[in-house]
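These notes concern the structure reproduced below.
The values are calculated or read from the model by the stated rules, or taken from the named source; none is laboratory data. Because the structure is a prediction, the values reported are computed rather than measured. Don't worry about glycine lacking a Cβ; one is built from the backbone with ideal geometry, like all the others, and counts go over all protein chains shown.
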Amino acid sequence: MVNAAVEEMMYRGAVVGGLVESKVPTCILLPLQAIAFGTIHIGGFPRGWVGVSLATVYGFLLGVIRLRSRGLLAPWAGHVLTDLVIVAIVFSVARWARSLSDLGIEAREWKIEDGYSEI
C-alpha cells in the first residue's frame, strides 16, 4: 500500500500534475508518464521488457483514471488492488512449484524475456 502511494504521488501526482499545469497536451502527457512508470518496473514481475511493457500500459490507464477522477485516490486504489493480485499470483506459483517438488518433480527454469525466473 505504501509503495502504491509513493508511486502514485510521484507519477500521477507530481508528473501528471506538473505536465497538466504546464499545459502539456493529454496526448503527450499520458504516454510520457506511462513510459517513465513502466521503465522503473524493469526488475519487477515479470522481469525485463515484458514487465516494462505491461507496466507502461498499466501506467497509461492509471494516468487516464487520474485525469478523469481529478485526484489520486482512484489510481491509488487501483494500484493497491493490482499489487495484491500480483502478490497472490507469485505466492500461487511458488506453492505450485513446491507441490511439484514434494511429488519429486524437478522444478525447471523458465526463460522470461531478458531474465530467468525460478519456478
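Only residues that are of a type in the set (A, V, I, L, M) and in contact with a strand residue (DSSP E or B) (Cβ under 9 Å, 6 or more places away or on another chain) were counted across segment 46-83, and they come to 1. Somewhere in segment 2-14, is a residue outside any helix (DSSP H, G or I), closer than 30 Å to Val93 by Cα, over 10 Å from the mean Cα position of the chain (by Cα) and of a type in the set (Gly, Ala, Ser)? No: zero hits. Kindly evaluate Leu62 against the criterion of being touching a helix residue (DSSP H, G or I) at 6+ places or on another chain (Cβ under 7 Å) and at pLDDT 95 or above. Against the criterion (touching a helix residue (DSSP H, G or I) at 6+ places or on another chain (Cβ under 7 Å) and at pLDDT 95 or above), Leu62 qualifies. Scanning segment 20-66 for residues being surrounded by 20 or more Cβ atoms within 10 Å (Cβ to Cβ), within 21 Å of Val90 (Cβ to Cβ) and among the hydrophobic types (A, V, I, L, M, F, W, C) gives a total of 4.
Restricting segment 1-19 to residues that are surrounded by fewer than 15 Cβ atoms within 10 Å (Cβ to Cβ) and among the β-branched types (Val, Ile, Thr), the residue that is modelled with the lowest pLDDT is Val2. Can we say Leu54 is without any contact (Cβ under 8 Å) to a residue 24 or more places away in the chain, in contact with a Pro (Cβ under 8 Å, 6 or more places away or on another chain) and part of a helix (DSSP H, G or I)? Against the criterion (without any contact (Cβ under 8 Å) to a residue 24 or more places away in the chain, in contact with a Pro (Cβ under 8 Å, 6 or more places away or on another chain) and part of a helix (DSSP H, G or I)), Leu54 qualifies.
Among the residues of segment 11-34, those that are in contact (Cβ under 8 Å) with a residue 24 or more places away in the chain, in contact with a helix residue (DSSP H, G or I) (Cβ under 7 Å, 6 or more places away or on another chain) and within 21 Å of Asp83 (Cβ to Cβ) comprise Tyr11, Arg12, Val16, Gln33, Ala34. Considered as a group, the residues in segment 67-81 that are in a helix (DSSP H, G or I) and without any contact (Cβ under 8 Å) to a residue 40 or more places away in the chain include one that is surrounded by the most Cβ atoms within 10 Å (Cβ to Cβ), and that residue is Gly78.
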